[in-house]
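To start, the structure itself, in structure tokens.
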Amino acid sequence: MDTWIRIERGGFYPRAVKSALRRALGGAEPLATLCQVDTGFDRGAVFRHLTIASLTERAIIQLHVDELEGGSVSVATAVRRASDIAGYSTMEVYADPENASGLTEMTIALDLGGARRLEIEAAQCEDPHCVADHGFTGTSFPDDMTFRISAAADGQDALAEGLAFVERLAHLSGTRSGAEVAQ
């Protein structure tokens, strides 16, 4: 689906979002775009958030729109060179894996070198009767932008857009597999 139609259909302040994205694109046309609306809760109030990732031949544009009290919004925009994409990973769920068909959901995570997520858990030894404190162990993951798309929540067209986005990422990064790029 066309980027501008997707933003309009999302219904989340489309004029403000399109204006900010057009400015960030600087006249370039988006080759592939992901849009995701989320809902958050803060002190008993419900707020919506919109995250957009849009690719051009030379750049990746990230927009994050937050709904504020009183009906206003804040729009944060980041523009990076496409060559700054350190990597990406995908996770795909298939209803019919034997035939690689029936894609029901996918997660796309982009590593832009800006943020990391740390998962920490208690370290353990092999002895099931051990009660000693072995400290902690952790794993660090890139966590700049993550999009989860499901057919049930977002529709098949959103999954098709996700696949197109990954194919464009593969093209820009010099890989054509569409799978994970080594970091």
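Okay, here's what the table says:
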read-out: Extension gain, R48 back to A164 (0.36 nm per residue minus Cα-Cα distance, nm); value: 39.2 nm
read-out: Stretch gain in nm, segment D127-D66, where the contour uses 0.36 nm per residue and the Cα spacing is subtracted; value: 17.1 nm
read-out: Reported label for calculated volume of the Cα convex hull per residue in Å³ given (1) 139; (2) 180; (3) 155; value: (2)
read-out: Efficiency of FRET between E57 and A153 - r from beta-carbon atoms, R0 35 angstrom, step 0.05; value: 0.70
read-out: Neighbour cut-off at most 16 other Cβ (10 Å), DSSP loop, trypsin sites (Lys or Arg not before Pro), the range 17-104; value: R43, R58
read-out: Label point distance in nm, I5-T107, each placed 7 Å from Cα along Cα→Cβ; value: 3.0
read-out: CD proxy at 222 nm, helix term only [per DSSP H run n ≥ 4: -39500 (n - 2.57); per residue of the chain; nearest 500]; value: -7000 deg cm²/dmol
read-out: Nearest 10 degrees, 0 to 90: helix 156-173 Cα axis against the chain principal axis; value: 80
read-out: Assigned charges on the beta-carbon of Lys, Arg, Asp, Glu; the range 3-85 dipole about Cα centre (debye); value: 260
read-out: Distance between modelled label sites at A76 and A95, nm, 7 Å Cα→Cβ extension; value: 3.7
read-out: Relative counts (whole %) of C-alpha pair distances in the range 3-85, using bins that are 10 Å wide; value: 17, 52, 24, 7, 0
read-out: In the range 102-173, GluC sites (Glu not before Pro) in a DSSP loop with at most 13 other beta-carbon atoms within 10 Å; value: E126
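None of the figures in this text is laboratory data; all of them are computed from the coordinates on show. None of the values given here were measured: they were computed from a predicted structure. Please note: Cβ atoms are built from the backbone with ideal geometry, for glycine as well, and neighbour counts cover all protein chains shown.
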